[in-house]
Structure formats: structure tokens, C-alpha cells
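The next block holds one structure in the form of C-alpha cells; read it before the comments.
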């Protein structure tokens, strides 16, 4: 199975490197030609507990190369998904599929609109990855990865993708109910990412600060209430315990939102806590903590962005 990882950020690089280690034919698609050229010259460098490895992974900035792919794994920021979906719709072969492993809500829907339900897989991962530079990533914590079709039961293609992830060393499973997956990951992001960005701390530090831990609990409680109002069946019976477990296991990780703040990039807060607020408005569920957190992150990034 020929695989294109779309987006050479922290998760995209980690995934590409691990798939390459497992012998899969993997490629990277970037929208920045100069960064793709840098990765082609340097390779993808993966730092881990035992040292580091360098992998020669072809990187392109030409979407036409997607025509030869069987699977596109989307790892871009959520605010790029609409454009990525349009590109995939134009260039992927008719039988090829897309898998989103992104943060936030709305990514599956955008891909379905461009490709159709039968060609889209949704997924979540709690693997910790820290971007160190162009083509360089640190594996900062082990987590779990779950994937499933946008609609219907788990099929043969989904199992093939699962086998690839397992061969690459990920703790992974396949299941029905992709929105249950997405909302489970959304709640985890809600409780970790914005607080690390606001406090400028690593994931594990949130559990050591009583006030931060209370805010985490309040934000998670709201998000779970909204999800339940939408009919979501969360993967964990105690979502707060699950969020705390992820923070503990990825304690040394710098969250993607904190990485964005430090690099003065736009964050995904509108697609994480902001998504909870919008869904809460639709369901009539109050979300004052998530609304406040969203505004605080947006105020913080307003120092370097004009929105």
C-alpha cells in the first residue's frame, strides 16, 4: 500500500518515520517546496529514548504525486483541512482513501464532502510528538491509536491500515463509530492542549498544579456533557481519568498548541475548545469554562497574529 502523509508536522513526521522503519512505502506531501527540499536532503530525523534514526522519505510539494497513492494520511492543522480535502478530491485515485489523524472536530466531515463517506477513515492518537525543526521530531510519549470508517462497519481496507500501524509499533485498534473516536480525542485535547499553551508547561506539569488540574476537570466535564447530548459513546467510562492518564504518559511532551504558541503560529483552539462551545450552543449545554479558555488562547496568540 503506497502511503502519503500529508503535513510534515510533529505527528506526520513521527508516523512517516515509524512506517518507514516497518518497511512501508511512505511519502510526505508538503505545501512548502523549500521545506520539502530540505527534508529530501536531510531525511526525517526521529529522536527517541534510545537515540535517533534518520530515514530517507521522499517529500513532495506537487499534489499530482498523490495519483499513485492508495492512502493519504492527513496530519495537517485543522484549519487547513478544507483545502487539503479539495486537493485530495482532485488528485487521489478514485479507489484511494484518506485517513485523518488530526486534532479537533470537523475534519472527517470535510473529507467526506470531498471524497464521499466510503473513502474516508477517521482516527485519533495520543502519541506524543515534539517538532524540533524541519524534518526533525522527538517521540515524547507512547499512546493509543484508534481508527474506523466514516460510516458503516470495519472493512478489509481499514484492517489493512490497522495492520500497517501495528507493524510500525503503534498500539492501535479498529472500531466502528468514528464520531465516538473523534469526540474522545477532542475531550483529551480540551483538557490538555490549551492549558499547556496558556501556562507554557509540558503535559505532565498540569497534574502537579492544583489550579490547572481543577480547570482541566471543569473543561472536560463540560465537553463530556456536550458529547453526551450529541449521543456520543466515549471510549472511556471515566473521561477525566483518561485525560489525566494521557497527560501522565506524555508528561515530557510539549503539546501541539504550546508548540504553536512558541513558534507564533495560529493555534487550533477554535477546532478544540471552540468546537465544544459551538456544539454546546447547538445542544443547549452551557460551556463557560471552554469559552473562557478559547478566548484566553486567542488573546495570547493575538500578540503575534492579526485575526
Go through region 146-160 and give me each residue that's surrounded by 21 or more Cβ atoms within 10 Å (Cβ to Cβ) and either touching a residue at least 40 places away in the same chain (Cβ under 8 Å) or under 21 Å from residue 23 (Cα atoms) (or both).
146, 147, 150, 158
Every residue in region 200-226 that is closer than 16 Å to residue 260 by Cα and either touching a helix residue (DSSP H, G or I) at 6+ places or on another chain (Cβ under 6 Å) or assigned by TED's automatic domain parsing to the domain that holds residue 122 (or both), please.
203
Of all the helices (runs of 4 or more DSSP H) wholly in region 167-267, which have at least 2 residues that are touching a strand residue (DSSP E or B) at 6+ places or on another chain (Cβ under 7 Å) and buried (at least 20 other Cβ atoms within 10 Å of the Cβ)?
178-199
Top-ranked residue of region 203-228 - restricted to ones that are under 19 Å from residue 104 (Cβ atoms) and touching a residue at least 40 places away in the same chain (Cβ under 8 Å), ranked as nearest to the chain's Cα centre (by Cα)
203
Give 6, 44 a once-over and let me know the one that is over 19 Å from residue 68 (Cα atoms) and in contact with a helix residue (DSSP H, G or I) (Cβ under 8 Å, 6 or more places away or on another chain).
44
Inside region 2-39, can you point out the residues that are in contact with a strand residue (DSSP E or B) (Cβ under 8 Å, 6 or more places away or on another chain) and at positive phi?
7
Looking only at region 269-291, which residues are under 16 Å from residue 229 (Cβ atoms) and outside any helix (DSSP H, G or I)?
284, 285, 286, 287
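The values are calculated or read from the model by the stated rules, or taken from the named source; none is laboratory data. Computed from a predicted model, the values in this text were never measured in an experiment. Note that each Cβ is placed from the backbone with ideal geometry, even for glycine, and that neighbours are counted across all protein chains shown.
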